[in-house]
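A.B. asks: Dumping the structure here so I can ask a few things about it.
The values are calculated or read from the model by the stated rules, or taken from the named source; none is laboratory data. Owing to the predicted nature of the structure, the values given are computational and were not obtained by experimental measurement. Cβ: placed from backbone, ideal geometry, glycine included. Neighbour counts: every protein chain shown.
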Amino acid sequence: MRAIAIAGAGLAGLTAAQELRRLGYDGEISVVGAERHRPYRRPPLSKEYLLDRDTDLNLAGTEQLDVTWLLGQAATGLDLTGRRLHRGTLPTVTFDGLIIATGVRARTLPGTGDLRGVITLRGLDDARALHAALATRPRTVVAGAGFLGSEVAATLRALDLPVTLVESAPVPLLRPLGEPVGTIIADLHRAHGVDLRLGRRVIAAAGAGHVEAVRLDDGTVLSADLLVVALGAEPHIEWLRGCRLRLDGGVVVDSHGLAAPQVAAAGDVARRPSALLGGDLIRVEHYSNAIEQGTHAARALLGIADRFDPVPTFWCHLYGHRLQAVGFTGAGHHPKLVASEPDGRFLAEYHRNGRVVGAATVGFLRRLPAYRRLITNEYA
Ligand SMILES: Cc1cc2nc3c(=O)[nH]c(=O)nc-3n(C[C@H](O)[C@H](O)[C@H](O)COP(=O)(O)OP(=O)(O)OC[C@H]3O[C@@H](n4cnc5c(N)ncnc54)[C@H](O)[C@@H]3O)c2cc1C
């Protein structure tokens, strides 16, 4: 293999390029990125960065990496037969091997496109806009109490800004962590002064050029200067339509991480089978997965990869607490609290077919490695 193209200059793409070089691959690597920035750390964007714009977002080794950066222009099409990546009107990139790592985009709220003060948060440019907006000390509505919305609400409270957090489910984080944990997180938000509106949807925002009011589905109108839309994300796959790869809620890869011969996918965009979940396809939108799958994608292209089926892990920060999880922690995996303290610390287990498949905690971090071993052994 003499030329590898990587579509997506994010964490998974960077890690794949680094692993290729670490393994001694000395051919060309071209990294095509839609953003004008080299890869950076996204997690601080909903946390420290909103408090301090000087927060270091650098990913180690990016500057020294021997690759051709083709930034500021998205890949717009893929010719699998001709082994070419299209970039609008710019010259195509030819390759022998390809890694697709185009991540996800934030869902938007229909009808709010022209209104200033309506912000989604996915990349550095979004975070800069949000940071600038916070300087005016706005009354903020956050639509969606998933990880991102919950973190943004917590960070705004750290700045002592008024926040209304609107969530359509009965508790925050219901889908990724289940009802018992969601109830604890709801209490945490309320204890920190968030006006939490559960079982409600944001349906519209209005104002003369700039958002002034946000309407909920029960007719409530909230006065607001800023609406942060945190309604989840969708994989960047539209540019691959018609190219014979299997696209089904992401780029579907096999158990070795390949979407086609010499074509791998990694990170938030990739959907892979999970043995622990009986072969179900999963797409994981977490930092550690982007690193592990990016590394694996490089090995898959070089023909030295095993099955890719790690136990996922993730963390988030809320009000000075580190929430950390291992395995599969969704609402559908029978969540059960095995410890719950009045100060918000908890430990929850998740089960499938009578086996533990996940655990999540605030405050019982030292219990997680044992769960990880237990879940890993379930694979064996
Ligand atoms: C604000 C925020 C906070 C987060 N906090 C946490 C956390 O606390 N814990 C955790 O585990 N995870 C967290 N995550 C998730 C984590 O950052 C992601 O899982 C990780 O960045 C995924 O890496 P990736 O390379 O797959 O995608 P990305 O990092 O999104 O990179 C994909 C890149 O591809 C580019 N792209 C898209 N389409 C094209 C195209 N057609 N051509 C070329 N380039 C394209 C995108 O612009 C982007 O630059 C957070 C994410 C965000 C946004």
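A.B. asks: Somewhere in the stretch 246-259, is a residue in a strand (DSSP E or B) and within 21 Å of residue 371 (Cα to Cα)? Steps first, please.
C.D. replies: Keep residues of the stretch 246-259 that are in a strand (DSSP E or B), which gives 247, 251-252, 258-259.
This time we only want the ones that are within 21 Å of residue 371 (Cα to Cα), so: none.
No; the residues of the stretch 246-259 include none that is in a strand (DSSP E or B) and within 21 Å of residue 371 (Cα to Cα).
A.B. asks: With the checklist (1) within 16 Å of the ligand (Cβ to nearest atom); (2) among the hydroxyl-bearing types (Ser, Thr, Tyr); (3) surrounded by 15 or more Cβ atoms within 10 Å (Cβ to Cβ) in hand, flag the one item residue 89 doesn't pass.
C.D. replies: (3)
A.B. asks: Pick out the one residue from 76, 94, 55, 15 that is under 22 Å from residue 288 (Cβ atoms) and in contact with a Lys or Arg (Cβ under 9 Å, 6 or more places away or on another chain).
C.D. replies: Step by step, each of 76, 94, 55, 15 is checked, and only 55 is under 22 Å from residue 288 (Cβ atoms) and in contact with a Lys or Arg (Cβ under 9 Å, 6 or more places away or on another chain).
A.B. asks: Let me ask something else. I need every pair where a residue in the stretch 151-165 that is in contact (Cβ under 8 Å) with a residue 12 or more places away in the chain has its Cβ under 7 Å from the Cβ of a residue that is within 16 Å of the ligand (Cβ to nearest atom) and of a type in the set (Phe, Trp, Tyr), sequence separation at least 6 or different chains.
C.D. replies: 154/319
A.B. asks: If you don't mind, another one. If the Cβ limit is 6 Å and pairs must be 6+ apart or interchain, which residue in the stretch 360-377 that is of a type in the set (Ser, Thr, Tyr) pairs with which residue that is not in a strand (DSSP E or B)?
C.D. replies: Between residues of the stretch 360-377 that are of a type in the set (Ser, Thr, Tyr) and residues that are not in a strand (DSSP E or B), the close pairs are 376/311.
A.B. asks: Just to verify a result, which residue in the stretch 222-231, among those that are of a type outside the set (Gly, Ala, Ser) and outside any loop (DSSP other than H, G, I, E, B), is farthest from residue 149 (Cα to Cα)?
C.D. replies: Out of the qualifying residues, it is 222.
Residues checked against (1) modelled with pLDDT under 95; (2) under 12 Å from residue 364 (Cβ atoms); (3) part of a helix (DSSP H, G or I):
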position	(1), (2), (3)
298	no, no, yes
307	yes, no, no
311	yes, no, no
314	no, no, no
322	no, yes, no
325	no, yes, no
330	yes, no, no
338	no, yes, no
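A.B. asks: Then there's this: From the list 9, 5, pick out the single residue that is in a loop (DSSP other than H, G, I, E, B), surrounded by 15 or more Cβ atoms within 10 Å (Cβ to Cβ) and of a type in the set (A, V, I, L, M). Quick ask: steps written out before the conclusion?
C.D. replies: Numbers: 5 fails: in a loop (DSSP other than H, G, I, E, B).
Answer to the selection: 9.
A.B. asks: Yes or no: residue 344 buried (at least 22 other Cβ atoms within 10 Å of the Cβ), more than 9 Å from the ligand (Cβ to nearest atom) and on the phi > 0 side of the Ramachandran plot?
C.D. replies: no
A.B. asks: Keeping to the stretch 49-78, report how many residues are closer than 18 Å to residue 24 by Cα, within 21 Å of the chain's Cα centre (by Cα) and not β-branched (Val, Ile, Thr).
C.D. replies: 0
A.B. asks: For the stretch 24-38: of the residues being of a type in the set (Asp, Glu) and more than 8 Å from the ligand (Cβ to nearest atom), which is farthest from residue 71 (Cα to Cα)?
C.D. replies: This residue is 26.
A.B. asks: Taking the condition away from the ligand (no atom under 11 Å from the Cβ) and either surrounded by fewer than 22 Cβ atoms within 10 Å (Cβ to Cβ) or at pLDDT 95 or above (or both), does residue 283 pass?
C.D. replies: No, not satisfied.
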